[in-house]
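Okay, so here's the structure we're looking at.
What follows is calculated from the coordinates using simple rules that are stated; it is not laboratory data. What you see is a predicted model; the values in this text were computed from it and never measured. Note: ideal-geometry Cβ built from the backbone for every residue, glycine included; neighbour counts use all protein chains shown.
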């Protein structure tokens, strides 16, 4: 009988063989070119084809050459072995390893036409798309983007958006912005990161399609800031109006002068009251002394 240890070793050996075989089975884009000339021609100059070059390697080295980056920037990357089959995102990155009978026996290599195909590498863009109206209406990545050349369909721009949103281009807000040279993507898909900060797809145009005040503020900063201050300004106006009502419409300087006058009058009244009290005391003592003197003179005359 074969011992458990031998079975384990046999299983590990088999697994290693399968992994190595899978890595070696990547045929490469050159193999696909013979039959899929148009697709290859569209792909060869695309961002996918240049994912390993086009400035990536310099950025990759600056970040410490972390091998996990190659999962999206190379084909057939093995993180543990730190090896990969072909540089860039080739046909087999999306379609899978080429089937042995694909070219000779007609074995098909179907690829689901869903946005989930793009999710693993375009994480942030996929998450933005998920919360967008496009996702809610089942508008997929492939409906706007050409898969192989990665170019926008209908040459992109307002024509692409107008294919579904023709009425939008005619309303007042969109028409007036268009007269100023703005386009749909100027507001609905702004690029939020500078080229030097691009990493993990952070430099891609926004895909939520939502237009908030931060977008409007790029051109209408004064208007947006002023409108944001309206509630505070309204509260100040109400407070000032209440204050004028309580003071009869008098200003702060006038009220201050009146307070000073009233204070002086109060002090004067207090001083006069003290003087009257002292005078009353003196007069009272004098009258009391006079009354006592009168009583004493009367007694002596008897």
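Just want the ordering: 274, 60, 43, from fewest to most Cβ atoms lying within 10 Å of their own Cβ.
Details: 274 10, 60 17, 43 24.
So the ranking, lowest neighbour count to highest, is 274, 60, 43.
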Region 56-161: equivalent-ellipsoid semi-axes (sqrt of 5 x gyration tensor eigenvalues, Cα, Å) = 27, 22, 13
Tell me the label-point distance for the pair residue 38, residue 100, using the 7 Å Cα-to-Cβ offset, in nm and rounded to one decimal.
-> 3.2 nm
For 140, 300, what's the fewest-to-most ordering of other Cβ within 10 Å of each Cβ?
-> 300, 140
Pair residue 83, residue 281: separation of 7 Å Cα→Cβ label points (nm) | 11.5 nm
Gap separating the Cα centres of region 165-189 and region 22-61, nearest whole Å = 36 Å
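May I ask you to sort 151, 93, 132 by Cβ crowding, counting other Cβ atoms within 10 Å and putting the fewest first? Could the numbers behind the result be given before it?
Details: 151 13, 93 23, 132 17.
By the 10 Å Cβ count, ascending, the order reads 151, 132, 93.
So what is the relative contact order for region 116-211, in percent, with contacts set as C-alpha pairs under 8 Å and at least six apart?
On the way: 83 pairs, mean separation 31.4, N = 96.
Relative contact order for region 116-211 comes out at 33 percent.
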Would you calculate the separation in nanometres between label points at residue 291 and residue 119, each defined as 7 Å from the Cα along the Cα-to-beta-carbon direction?
-> 11.0 nm
Relative contact order for region 50-130 using alpha-carbon pairs under 8 Å, separation at least 6, rounded to a whole percent?
-> 19 percent
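Can you classify region 116-211 as rounded, prolate or oblate using the Cα gyration tensor, where a ≥ b ≥ c are the square roots of its eigenvalues, rounded means a/c under 1.5, and otherwise it's prolate if a/b beats b/c and oblate if not?
Working: a/c = 1.81, a/b = 1.42, b/c = 1.27.
Taking the square roots of the gyration eigenvalues as a ≥ b ≥ c, region 116-211 is prolate.
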Pop the C-beta distance of residue 71 and residue 133 into the FRET formula with R0 = 30 Å and round what comes out to the nearest 0.05.
-> 0.45
